[in-house]
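Visitor: One structure coming up, written as structure tokens, with questions to follow.
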Amino acid sequence: MSVPRIVVRRSPIHGRGVFANVDLSAHVRVLEYRGERIDSAEAFRRYGDNSRLGETYLFAVNAHWLIDGNVGGSSARFVNHGCAPNCEALVWVDVDGDERRDRVYIETLRRIRKGEELVFDYALELSHALTATARERWRCRCEAAHCRGSMLASESQI
Ligand SMILES: [Zn+2]
């Protein structure tokens, strides 16, 4: 029986996290971000404004479609944000140009040792000014040497 490459358990960063269960090579695909495909109107209907997204598992694939990891989601939804990422989320554009079918994969950026938590930079772009509550929700606690203190893409949004 093969050993699973990753394991989900409690994370010192936030909630549950995904950890390497074996040494992982650089630039390998670890997980696909799965879940129900919904459009932004449906995402808003389900989860309201962005201030609530911190408690959900939504991945914005492109301008029109999101993956709702709360519905049929894979372990990829538990991969936390980190300001010094060891993974990246790559969008694979559908060959026929159907944006609804674009796929998202979590791949390693470097060699990752067994026991390390997998993180990628969420670099979130929010479409409206943040309330103090929302700002607190997106606070980063990754403790990287150069942690920017937020999961958002840039200081200008903080
Ligand atoms: Zn950070």
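Visitor: Any residue in the range 19-27 that is open to solvent by 70 Å² or more (accessible area, probe 1.4 Å) and at positive phi?
Guide: yes
Visitor: Among the residues of the range 92-109, count how many are open to solvent by 10 Å² or more (accessible area, probe 1.4 Å) and under 24 Å from Arg148 (Cα atoms).
Guide: Qualifying residue count for the region: 2.
Visitor: Kindly evaluate Val18 against the criterion of being at pLDDT 95 or above and more than 15 Å from the chain's Cα centre (by Cα). Quick ask: steps written out before the conclusion?
Guide: Numbers: at pLDDT 95 or above: yes; more than 15 Å from the chain's Cα centre (by Cα): no.
It is false that Val18 is at pLDDT 95 or above and more than 15 Å from the chain's Cα centre (by Cα).
Visitor: Do you know which of the residues in the range 66-91 that are surrounded by fewer than 16 Cβ atoms within 10 Å (Cβ to Cβ) and aliphatic (A, V, I, L, M) is nearest to Gly149 (Cα to Cα)?
Guide: The qualifying residue nearest to Gly149 (Cα to Cα) is Ala84.
Visitor: Could you please let me know if Ile112 is in contact with a helix residue (DSSP H, G or I) (Cβ under 8 Å, 6 or more places away or on another chain), open to solvent by less than 30 Å² (accessible area, probe 1.4 Å) and at pLDDT 95 or above?
Guide: Values: in contact with a helix residue (DSSP H, G or I) (Cβ under 8 Å, 6 or more places away or on another chain): no; open to solvent by less than 30 Å² (accessible area, probe 1.4 Å): yes; at pLDDT 95 or above: yes.
So Ile112 does not fit the description; no.
The values are calculated or read from the model by the stated rules, or taken from the named source; none is laboratory data. Owing to the predicted nature of the structure, the values given are computational and were not obtained by experimental measurement. Every residue, glycine as well, gets a Cβ built from its backbone with ideal geometry; the counts of neighbours run over all protein chains shown. These accessible areas exclude ligands, DNA and RNA; they are computed on the full protein's heavy atoms, side chains included. Shrake-Rupley method; radii C 1.70, N 1.55, O 1.52, S 1.80 Å.
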